[in-house]
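Remarks on the structure that follows.
The values are calculated or read from the model by the stated rules, or taken from the named source; none is laboratory data. None of these values were measured; they are calculated from a predicted model. Backbone-built Cβ (ideal geometry, glycine too); neighbour counts: all protein chains shown.
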Amino acid sequence: MKITGYKVMGLALLLAALQAQSADGPAPAFTREHATAIVEKWRKIVSPSGVDERLEIPLGGSKQWISVRGRDRRNPIILMIHGGPASPEMPTSWTWQGDWEDYFTVVQWDQRGSGKSYAANDPAVVGPTLSLARISEDAAELVQFLRQRYAKDKVFVIGHSWGSLVGLTLAHEHPQWLYAYIGMGQVINTKDNERLGYQLTLKLAEAQNNAAAVSELKSIAPYPETDGSIPLEKINLERKWSVSFGGLTYGRKGLSYYSDLAELSPDYSLTDVAAIDQGAELSLPRLLPDLVNFNFSGVTRYRCPIFMFEGRHDLTTPSQVTADWFKRVQAPKKGFVWFENSAHMIEVEEPGRVLVHLVEDVLPLAGPTVR
């Protein structure tokens with residue numbers, strides 16, 4: 001067999017690794033701690049002007065956690081407001097966020113009642129405080145904290161799914177703090193979203209001759225209820241089928257392929273991982289009324305740039321509702337991008353294209369950058 005230069009290099013690297021292992025003693029057992037240590041070493045920020053912090057900070061009378069990462073602290077900050085409610089992206093963002101850190105200082109925030117923030121507080125105390133208004137105020141406090149700590153006049157904000165309610169509220173109430181707001185899986189009118197998502201899911205079930213799906217979906221009609229309410233048990237049944245038809249992640253029947261990555265997160269202990277589900281159980285019943293009644297259909301004037309990144313196949317927050325609303329939006333600058341191979345989780349489904357549009361369309365709004 002002819003050994004090429006690439007094979008020689010590969011053999012040399014393997015030999016060096018084996019020699020190092022032999023010198024250090026037997027390899028450690030492949031535990032969770034070993035796996036997360038590998039991830040932590042791989043993503044270590046080594047640039048002298050970089051930032052890599054995990055902070056517990058007070059927001060609205062509760063302890064809340066953020067991670068702040070970037071390879072040059074002179075870059076603009078981009079704050080990610082996660083969905084759910086109570087579905088933090090800090091424990092899974094290590095799989096897609098790294099390239100963002102070349103261009104932005106990226107902030108992941110576990111909202112009150114979510115993930116590490118859930119684990120840091122007494123649920124009995126936090127539970128009664130959970131509301132869209134309170135979390136939106138937390139977001140405003142967080143932006144002020146980031147501006148002061150990192151000496152920034154403004155920041156970029158991304159709101160994803162539930163987080164898009166918080167983000168759009170922030171953009172409307174505090175435009176002077178934002179270079180731009182970017183909505184992903186944007187909610188404009190929850191009842192319109194749910195009505196259209198249900199219709200599209202039922203149409204898919206009928207097109208695929210899925211008798212079980214058709215029967216179960218028709219059993220919850222009308223959806224929403226005639227009085228506009230949307231009971232949680234009906235939402236769960238609708239999601240059962242819309243997710244299975246790829247309406248959460250295009251071409252996939254569920255999200256475990258992604259959510260399971262929290263098990264490998266160096267930012268999360270096992271207690272924190274367990275707190276994800278605990279936080280969802282605490283948060284969803286309390287935040288559902290605010291979610292169901294959210295309606296920004298008539299709120300179309302903004303004093304900061306507005307962008308929408310939307311998945312073509314999204315059945316969770318059907319993008320056509322946002323597209324129709326966006327035609328009426330007035331803002332200093334606006335942009336709408338369709339992601340043709342995505343549903344609701346576009347930062348995971350098409351991470352390269354998301355980054356390209358962030359860098360080409362959004363980043364210039366911060367003015368001259370260090371890159």
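Table for the structure above
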quantity: Residue check, residue 256 surrounded by fewer than 22 Cβ atoms within 10 Å (Cβ to Cβ), touching a Lys or Arg at 6+ places or on another chain (Cβ under 7 Å) and farther than 30 Å from residue 174 by Cα; calculated: no
quantity: Boolean, residue 142 is surrounded by fewer than 24 Cβ atoms within 10 Å (Cβ to Cβ), in contact with a Leu (Cβ under 7 Å, 6 or more places away or on another chain) and either assigned to a strand (DSSP E or B) or outside the structural domain of residue 235 (by TED's automatic domain parsing) (or both); calculated: yes
quantity: Residue 260, sole failed condition from (1) part of a helix (DSSP H, G or I); (2) in contact (Cβ under 8 Å) with a residue 12 or more places away in the chain; (3) among the acidic types (Asp, Glu); calculated: (2)
quantity: Selection status of residue 281, without any contact (Cβ under 8 Å) to a residue 24 or more places away in the chain, assigned by TED's automatic domain parsing to the domain that holds residue 160 and of a type in the set (D, E, K, R); calculated: yes
quantity: Residues within segment 77-136 that are small (Gly, Ala, Ser) and touching a strand residue (DSSP E or B) at 6+ places or on another chain (Cβ under 8 Å), tallied; calculated: 6
quantity: Condition broken by residue 284, with the remaining ones in (1) surrounded by 18 or more Cβ atoms within 10 Å (Cβ to Cβ); (2) part of a loop (DSSP other than H, G, I, E, B) satisfied; calculated: (2)
quantity: Residue check, residue 94 surrounded by 22 or more Cβ atoms within 10 Å (Cβ to Cβ), within 14 Å of the chain's Cα centre (by Cα) and part of a helix (DSSP H, G or I); calculated: yes
quantity: Pairs with Cβ under 6 Å, 6+ apart, first in segment 333-353 and farther than 20 Å from residue 305 by Cα, second basic (Lys, Arg); calculated: 340/312
quantity: Any hit, segment 328-341, residues being within 24 Å of residue 88 (Cβ to Cβ) and either aliphatic (A, V, I, L, M) or loosely packed, with under 15 Cβ neighbours inside 10 Å (or both); calculated: no
quantity: Members of segment 171-192 that are buried (at least 24 other Cβ atoms within 10 Å of the Cβ) and either free of Cβ contacts under 8 Å to residues at least 40 places away in the same chain or among the polar types (S, T, N, Q) (or both); calculated: 186
quantity: Residue within segment 176-196 that is assigned to a helix (DSSP H, G or I), closer than 21 Å to residue 362 by Cα and in the same structural domain as residue 315 (by TED's automatic domain parsing) present; calculated: yes
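Yes or no, residue by residue, for (1) more than 30 Å from residue 38 (Cβ to Cβ); (2) without any contact (Cβ under 8 Å) to a residue 12 or more places away in the chain; (3) not assigned by TED's automatic domain parsing to the domain that holds residue 184; (4) not in a helix (DSSP H, G or I):
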residue	(1), (2), (3), (4)
229	yes, no, yes, yes
236	yes, yes, yes, no
275	no, no, no, no
304	yes, no, no, yes
309	yes, no, no, yes
320	yes, no, no, no
